[in-house]
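Below is one structure, written out as structure tokens; comments come after it.
Since every read-out is calculated from the coordinates, none of them should be taken as a lab result. Since the model is a prediction, treat every value here as computed from it, not as a measurement. Cβ atoms come from the backbone with ideal geometry, glycine included; neighbour counts cover every protein chain shown.
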Amino acid sequence: MPFGNTHNNFKLNYKVEEEFPDLSKHNNHMAKVLTKEIYGKLRDKQTPSGYTLDDVIQTGVDNPGHPFIMTVGCVAGDEESYEVFKDLLDPIISDRHGGYKSTDKHKTDLNFENLKGGDDLDPNYVLSSRVRTGRSIKGYTLPPHNSRGERRAIEKLAVEALTSLDGEFKGKYYPLKSMTDAEQEQLISDHFLFDKPVSPLLTCAGMARDWPDARGIWHNDNKTFLVWVNEEDHLRVISMQKGGNMREVFRRFCVGLQKIEEIFKKHNHGFMWNEHLGYILTCPSNLGTGLRGGVHVKLPKLSTHPKFEEILTRLRLQKRGTGGVDTASVGGVFDISNADRLGSSEVEQVQLVVDGVKLMVEMEKKLEKGEAIDGMIPAQK
Amino acid sequence: MASSFTRILSSKRNVGILSLVGGSVAAGFLLHREHVTAGEPLRRRYPASAEYPDLRKHNNCMASNLTPAIYAKLCDKATPNGYTIDQAIQTGVDNPGHPFIKTVGLVAGDEESYEVFADLLDPVIKERHNGYDPRVMKHPTDLNATKIQSGVFDERYVLSSRVRTGRSIRGLSLPPACTRAERREVERVVVDALSGLKGDLAGKYYSLTLMTEQEQQQLIDDHFLFDKPVSPLLTCAGMARDWPDARGIWHNNEKTFLIWINEEDHTRVISMEKGGNMKRVFERFCRGLKEVERLIQERGWEFMWNERLGYILTCPSNLGTGLRAGVHVKLPRLGKDPRFSKILDNLRLQKRGTGGVDTAAVGGVFDISNLDRLGQSEVQLVQTVIDGVNYLIECEKRLEKGQDIKVPAPLKQFK
């Protein structure tokens, strides 16, 4: 909730035990880390914009989680949340990001020329390639906390920046609240349109407030570069195309991002970034690169091989169905992407996808011929 | 306006003193609250015009009454607990409404919301309650069930009778704004008081977090169990936070008196039974409410109430009596008559399906209840239902015999 924090001060009339949430049935990162001591230490603090500990954890209190899937259970309301509430967020970040320490430094590398190969994934198997990330605009609070005035200012700035792009990035902005029926139909057919969040993980964090005010979609005329404004983050940036030329997708991703960032910097509103956490986003799971680079790839035989999961783990990759997270694969086609976000660079993560998918396609071809793949199984990357 | 606000503050002080005498834990808390600064100005980066919501596609009472001028006047205010106008209207901004059903579109976070945001709430109340003007009118409270006349219906037509209302505990924030500790305190205060009920009112509390599988199944079979709210009207107002912490159901052993704790209001109180003895249902309702009130007063607490708005509840639509008295009644012929809606209107009644609000009638059985909540007393509203339902049954009987029916003259709104 935006602004004032008088309500938090009023809560301090109650003791820690009286306010501490009941997390006995919970299974998320926040519930595993939050103790009465940490709660007691942080409950009277607030960020400069008035975001509080209870704001950070509300989504995790309201969503106990799933016995098999470990959700994060907390969000940031602004850049300073990661500082003010570090006693809670650092251990969560460490659990979520493979032991990342509070003293570790994160490497950012958006120089697409450092990627080796990636332009020769077999299009008979790799149906499409995509890279996405998020960016937050410095000086504004994040979607769980921002007011209508702030969200509109973010939209205004984003639209100014995006509509000034030219060449392969020339495009158009479609605000959610004033798009025509025809535009809406087209965006749905292109699979570009995003909906009001229904997941309680997001709604309980306040990210759907005032929908659809100041939300919209921008895409280039070629339909290969797409930006979501004010959904779960200030900006979600997506580069994609059919086929297996991940190199080209990544090139456009890096070039586009850098062009956008330059324009924001000119307005004195660069992206939120620091050398410990990389790019700052709403959900701690998206810190670092915030990058998910992936392909839709046909692996009907490999996916039924008993070592499939192990291969993915060793390659530092994850699988999803073709509908995205929490969907099943259809016709042996999987969404394969990098598992890591924090502690390795963009180039490194996309390199893992490129190399890993290339290897898995070769394994698939071997299995088609009835040959064994045991000799090809890689060491842990 | 200012005078009723001071009356509320001073009555809180009285309660504080009472609890010193009573020695309850509430004492320390209540006295300490007096020192919280009222309505500190908020840090706001943008002018009101940049923050004003886009209500062009909206159809609810809040959207009809929130002008940019009113928003500008109220946007930097806060109640003593820190509740703001942006929080109050969030549910109405997030839920534009339905072209045919006009929702209220805002909630109160605490008792003081009705004072601090009166510039918006008073016109909303006037619109929702058919012209009741809280600035000049007084609301009558009357829980004397002996005044009810001929309250026993023909059971060939009336299958069940029910009266419900809500009550809020003064000094604690309402469900949209309450902290976990406040919500737990509401639970403690109410459950403690209910344990003092005796005779036909004696009963048991079932906490949502602690109930056994068996208890849960029994409550479902009795149609007593309430679920986590899914309606975005409620979730956008923050009423489902921390579910199911400090939520529960209390009912008497005879299963005729039931209380929901910390659902949409601090408490929802329901008296019901099969058959047509509305008089007995209402008598038990009044007796139970008065007993609960006496028991909480013994412990230094009281219900939120004032003479211009009656009983204070979360949603402005439930102010006044907060009372819905109704029956499930078989009206297969009348239900199909084209004059049915007009008859109900003139009798100041509304129909719902037997599943409650927003459901359809099944087998010609309708849920018939009072339309009004504010501006008439409990006794007046229940009498209106009794007189009205008797008239509807007369119409049904006439239609059975092939006789014609008449649309009655419209009842006066405020008596």
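Observations on the model:
- Chain B: most fluctuating residue of B:343, B:89, B:101 per GNM, C-alpha cutoff 10 Å: B:101
- For the stretch B:279-306 versus the stretch A:152-206, the gap between their alpha-carbon centres in whole angstrom: 53
- Global geometry of the stretch A:290-375, whether rounded, prolate or oblate, following the gyration tensor of its Cα atoms and the 1.5 cut on a/c: oblate
- Helix B:2-22 and the long axis of chain B differ in direction by around 90°, with both axes built from C-alpha atoms.
- Calculated [θ] (222 nm, deg cm²/dmol) that DSSP helices of n ≥ 4 give over chain A, each run adding -39,500 (n - 2.57): -10000 deg cm²/dmol
- Averaging Cα coordinates gives a centre for the stretch A:114-137 and one for the stretch B:107-144; these two points are 60 Å apart.
- Computed from the Cβ-Cβ distance with R0 of 41 Å, the FRET efficiency linking residue A:189 to residue B:298 stands at 0.05.
- Loop sites in the stretch A:250-312: GluC sites (Glu not before Pro), DSSP, at most 11 other Cβ within 10 Å: A:275
- Considering only B:209, B:103, B:91, the Gaussian network model of chain B with Cα springs below 10 Å gives its largest mean-square fluctuation to B:209.
- A straight Cα-to-Cα reach below 13 Å connects residue B:406 with the aspartates and glutamates B:337, B:394, B:396, residues fewer than 8 places away in its own chain not being considered.
- If R0 is 30 Å, the Cβ-Cβ spacing of residue B:274 and residue B:342 corresponds to a FRET efficiency of close to 0.50.
- Charge dipole (debye, nearest 20) of chain B; +1 at Cβ of Lys and Arg, -1 at Cβ of Asp and Glu: 900
- Qualifying lysines (Cα of each under 20 Å from Cα of residue A:358; at least 8 residues distant if same chain): A:116, A:242, A:298, A:301, A:307, A:319, A:366, A:369, A:381
- Label positions at residue A:199 and residue A:366, each projected 7 Å from the Cα along the C-beta direction, are separated by 3.5 nm.
- Sequence-distant residues sharing a close amide H with residue A:216 (under 5 Å, placed H): A:176, A:229
- The phi-based Karplus calculation (6.51 cos²θ - 1.76 cosθ + 1.60; θ = phi - 60°) puts the 3J(HN,Hα) values of the stretch B:205-214 at 9, 10, 6, 4, 6, 10, 5, 7, 4, 5 Hz, whole numbers, x for Gly and Pro.
- Here the Karplus relation 6.51 cos²θ - 1.76 cosθ + 1.60, evaluated at θ = phi - 60°, turns the backbone of the stretch B:309-314 into coupling constants of 10, x, 6, 8, 10, 4 Hz, with x for every Gly and Pro.
- Only helices enter the 222 nm calculation for chain B: every DSSP H run of n ≥ 4 contributes -39,500 (n - 2.57), and dividing by all residues gives -11000 deg cm²/dmol, rounded to 500.
- Prolate/oblate/rounded call for the stretch A:9-97, Cα gyration tensor, a/c under 1.5 rounded: oblate
- Taken over the stretch A:9-97, lysine pairs spaced eight or more positions apart, or on distinct chains, with alpha carbons under 17 Å apart number 13.
- Contact order for the stretch A:9-97, expressed relative to its length and based on alpha carbon pairs under 8 Å spaced 6+ residues apart, stands at 34 percent.
- When only Cα pairs below 8 angstrom with a gap of at least 6 residues are kept, chain B shows a relative contact order of 19 percent.
- In the stretch B:134-208, GluC sites (Glu not before Pro) in a DSSP loop with at most 13 other beta-carbon atoms within 10 Å: B:155
- Within a Gaussian network of chain B (alpha carbon springs, distance under 10 Å), most fluctuating of B:146, B:165, B:179: B:146
- At most 15 other Cβ within 10 Å, DSSP loop - chymotrypsin sites (Phe, Trp or Tyr not before Pro), the stretch A:54-116: A:68
- With R₀ fixed at 22 Å, the C-beta to C-beta distance from residue B:409 to residue B:150 puts the FRET efficiency at about 0.65.
- What separates the Cα centres of the stretch A:22-82 and the stretch A:310-359 is a distance of 28 Å.
- Dipole of chain A computed with +1 at Lys/Arg Cβ and -1 at Asp/Glu Cβ about the Cα centre; of A:311, A:280, A:77, farthest Cα towards the positive end is A:311.
- For the stretch B:59-129, averaging the sequence separation of C-alpha pairs within contact (under 8 Å, six or more residues apart) and dividing by the residue count gives a relative contact order of 43 percent.
- Karplus (6.51, -1.76, 1.60) ³J(HN,Hα), θ = phi - 60°, over the stretch B:111-126, in Hz, Gly and Pro reported as x: 4, 5, 4, 5, 9, 4, 10, 4, 4, 9, 5, 4, x, 5, 4, 4
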